[in-house]
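Have a look at the structure below before the remarks.
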Amino acid sequence: MSDLAKAFAGLKKPEEPERLSTQDPKLKISQGLKVEPRTEPAPAESTAKSRDPDYTPVKVFLRKKTHKAAGRKWEDEQEQRGSDGDFSDLVEQLLQEYLSA
C-alpha cells in the first residue's frame, strides 16, 4: 500500500445531503435545502413598473447635470411630502401636465 493510500485509509467517504424531488413545484432545490415558496402574493401597489402592463420603458437623452439636479430636487420634495415616488413619476407628472394644457 502506498504512503498516500495509507494516509487516507482511515477516512470515511462524506455522506450525500438529502435531495428533494424536482417534481414537487412547491419546493426548490438549493444546495440540498428545502425552501418554501412565498404563500401570499405581493400587494398590488408594490408591483414593479417594469412588470406593469400599463407602463412602457422609454429611453430619453438628458444632460447629466440636468438629470442629476432634477433627480435630487424631486427626491427632496418627495422626502418632504413623505412619499416615495421615483424619477419616472416626475416625468409622468410633467407629461400629464403637458397633455392637459
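Counting only residues that are outside any loop (DSSP other than H, G, I, E, B), farther than 13 Å from Phe87 by Cβ and at pLDDT 90 or above, segment 33-72 holds 2 of them.
Filtered by the rule that a residue be acidic (Asp, Glu) and outside any helix (DSSP H, G or I), segment 81-101 gives Asp84, Asp86. Here is the figure for segment 57-95: residues that are loosely packed, with under 10 Cβ neighbours inside 10 Å and polar (S, T, N, Q) total 3.
The values are calculated or read from the model by the stated rules, or taken from the named source; none is laboratory data. Since the model is a prediction, treat every value here as computed from it, not as a measurement. Positions of Cβ are backbone-derived with ideal geometry, glycine not excepted, and every protein chain shown enters the neighbour counts.
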